[in-house]
1. Explain nothing, just compute: Karplus ³J(HN,Hα) = 6.51 cos²θ - 1.76 cosθ + 1.60, θ = phi - 60°, for every residue of region 82-98 in order, whole Hz, x for Gly and Pro.
2. Show which lysines lie in cross-link reach of LYS57 when reach means a straight Cα distance below 18 angstrom and same-chain residues fewer than eight apart are skipped.
3. Could you tell me the center-to-center distance, by alpha carbons, between region 305-375 and region 221-294 in angstrom?
4. Counting other Cβ atoms within 10 Å of each Cβ, which GluC sites (Glu not before Pro) in region 147-249 have at most 11 and sit in a DSSP loop?
5. Along region 43-54, what does the Karplus equation 6.51 cos²θ - 1.76 cosθ + 1.60 (θ = phi - 60°) give for ³J(HN,Hα), rounded to whole Hz, x for Gly and Pro?
6. Neighbour counts of other C-beta atoms within 10 Å: give me MET382, MET1, MET259 arranged from fewest to most.
7. Non-local amide H neighbours of TRP373 (under 5 Å, H modeled in plane, Pro and chain starts lacking H): which ones?
8. Normalised radius of gyration for the chain, please: alpha carbon Rg relative to 2.2 N^0.38 Å, two decimal places.
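We did not get these values from a lab; they are worked out from the coordinates using the rules stated. Everything numeric in this text was worked out from a predicted model, so none of it was measured. In this analysis, Cβ positions are derived from the backbone assuming ideal geometry, glycine residues included, and neighbour counts consider all displayed protein chains.
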Amino acid sequence: MADAIAVLNAGSSSFKFSLFADSAQGLALVSRGQAEGLYTSPRFLAKDDAGVTLDEKSWGDGVSLGHAGALDHLVGFLRQRLAKHRLVGVGHRVVHGGPEFARPVRVDASILAALEKYVPLAPLHQPHNLAPIRELLERSPQLPQIACFDTAFHRGQPPVAQAFALPKAITERGVIRYGFHGLSYEYVAGVLPEYDPRGAAGKVVVLHLGNGSSMCAIAGGRSVASTMGFTAADGLPMGTRCGSLDPGVVLYLMDELGMDARAIEKLIYQQSGLLGVSGISSDMRTLEASSEPGAKAAIDLYIYRIGRELGSLAAALGGVDAIVFTAGIGENSRSLRERVCRDAHWLGVELDANADPRGAGRISTAASRVSAWVIPTNEELMIARHTRKVLGMQSHQEHG
Ligand code: ADP
């Protein structure tokens, strides 16, 4: 019977899952899907690796299924699908590993308690990431669960890249720059040598441009700086997040506009970014299709800020050999990539205007001093690989 690994990425009202079969040839996707609208209008959809629907269910408007109910449905689906497989572990995407967790870890009750300490550092994500772990620990305590952190890849950054210029007593409370999207960056850094061995061995900036957007400077495969900081609200503007903000603005919002912490949280996480600037949508496809001036202003600001951050990360690296676009916008928006590359001409990026990689490939000319690439990210596969590795090390220790 073949082994299988499930991957869960749980959010506030939805979760995504993937199922991989593990064999001597490696990990192969068996199924992926999501449960959405868990508290308003729950829907479950699972497809196979070719995109053919395997299971679909809607519970109707006004139904609150919750995470536990959706997990029930997923477990039932997996049981049915897993007739020929043995589930050996579940890998979870967990946004915050704090200063403590620099690599994936098997979760037991004490690790779960340690991870709960980081809820205040990521209040909109961490509680939802941990909820299914707690639930599964109660239901199936023997089933290994591995937490994989968005922060872990960045924990090796030089101290100066992690520090805020704040008093030591505050820094020591863990108020430092953590950086996020680490699983995506780790995956891209892992496959880059197949595309560009010279660049991968050198200095790279990866642009993870999706609903959440950030950029990471990578030297010799290791993160040395990133645009996200203490929280995932820092750095680039995003779908609904503002990105870097003068802290004086927060004081102004409190003193002059009478906003409290919750109102400011809503503003900076849910009402800003592409949505706030455009007044139209957080979705890049909608903005690119719009002729409204607000849509243009939002895209212009996004691209301007990407260019500024590129300069900053290039300085942190002391030069750049390659840049890589990934995630929803980075992988799909040719026009945005072209504008970013044209703006980066000063850095040595020479766009190949004819390049149109469907999927993955090079978008710079052969003569370009800095090579530019599109590489689809695969955070789920990265989590499955980590899960397999932690389990393998464990059985090795048990047998050894
Ligand atoms: P998340 O951070 O939620 O994982 P994604 O990586 O899926 O986000 O990225 C979602 C973003 O990608 C949205 O803004 C969406 O409009 C954009 N996107 C997806 N396809 C295209 C496309 N063909 N052209 C432009 N933008 C696209």
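1. 8, 3, 9, 10, 10, 6, 9, x, 10, x, 10, 7, 10, 5, 10, x, x
2. Counting by Cα, and skipping residues close in sequence, LYS57 has these lysines nearby: LYS16, LYS47.
3. Between the Cα centre of region 305-375 and that of region 221-294, the gap is 23 Å.
4. Sites meeting the loop and neighbour criteria: GLU172.
5. Rounded to whole hertz, the list is 9, 10, 9, 10, 10, 8, 5, 9, x, 7, 5, 9.
6. With the fewest neighbours first, MET382, MET1, MET259 line up as MET1, MET259, MET382.
7. Distant-sequence amide H within range of TRP373: ILE323, VAL324, PHE325, ILE363.
8. The chain yields a ratio of 1.00.
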